[in-house]
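So the structure is just underneath, and the comments pick up after that.
The values are calculated or read from the model by the stated rules, or taken from the named source; none is laboratory data. None of the values given here were measured: they were computed from a predicted structure. No Cβ is skipped: glycine too gets one built from the backbone with ideal geometry, and neighbour counts run over all protein chains shown.
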């Protein structure tokens, strides 16, 4: 399996959202990454269920829902209802993480846990076998276009070693500052899925940019 790419809809042109979604559908993108922000857990507000619920009318791509909100457990039913394949919740936002993971799987979605840049990999040791994916933030969450945090490469390597040691099939996804240079280093360290927003949507040929990321 090669590198998977999940373009972040946060960087799309919201005045031409249908056009950008149709482009993603034509492209080699594997998933569409949805950054859902509440202005509390992160210092920004993005989009909510009225927008997300319309996506299925435009795209057939799997939806990767990343909830950067407080109490994400309150919205498991809503995320399932919009047809998301993955539901990403932050370790830092879940007091009872195991329960949330169980609820996500019970609703037919694949559970994923996200770590902020300052959160150590070691905290996932007990719950790793229950996860389909771990998302490592390589910028501080909340805004697109930020500079890549260099120690993220080392975190990917550490997580990959933990996954191999536990013999799980957990995917490693990375979000933030991804381009062809950082993406190459992340893939070499063990990343399976690259989330790219600004790098894709601000390029002259987004479909070609996605293809190049997948070829890493």
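The single condition among (1) out of contact with any strand residue (DSSP E or B) (no Cβ under 7 Å at 6 or more places or on another chain); (2) closer than 13 Å to residue 31 by Cα; (3) at pLDDT below 95 that residue 83 does not satisfy is (1).
With respect to the numbered conditions (1) free of Cβ contacts under 8 Å to residues at least 60 places away in the same chain; (2) surrounded by fewer than 17 Cβ atoms within 10 Å (Cβ to Cβ), which one is the sole condition not fulfilled by residue 209? All conditions are met except number (2). Please find, among 123, 164, 186, the residue that is over 14 Å from the mean Cα position of the chain (by Cα) and surrounded by 16 or more Cβ atoms within 10 Å (Cβ to Cβ). After ruling out the rest, the residue left standing is 186.
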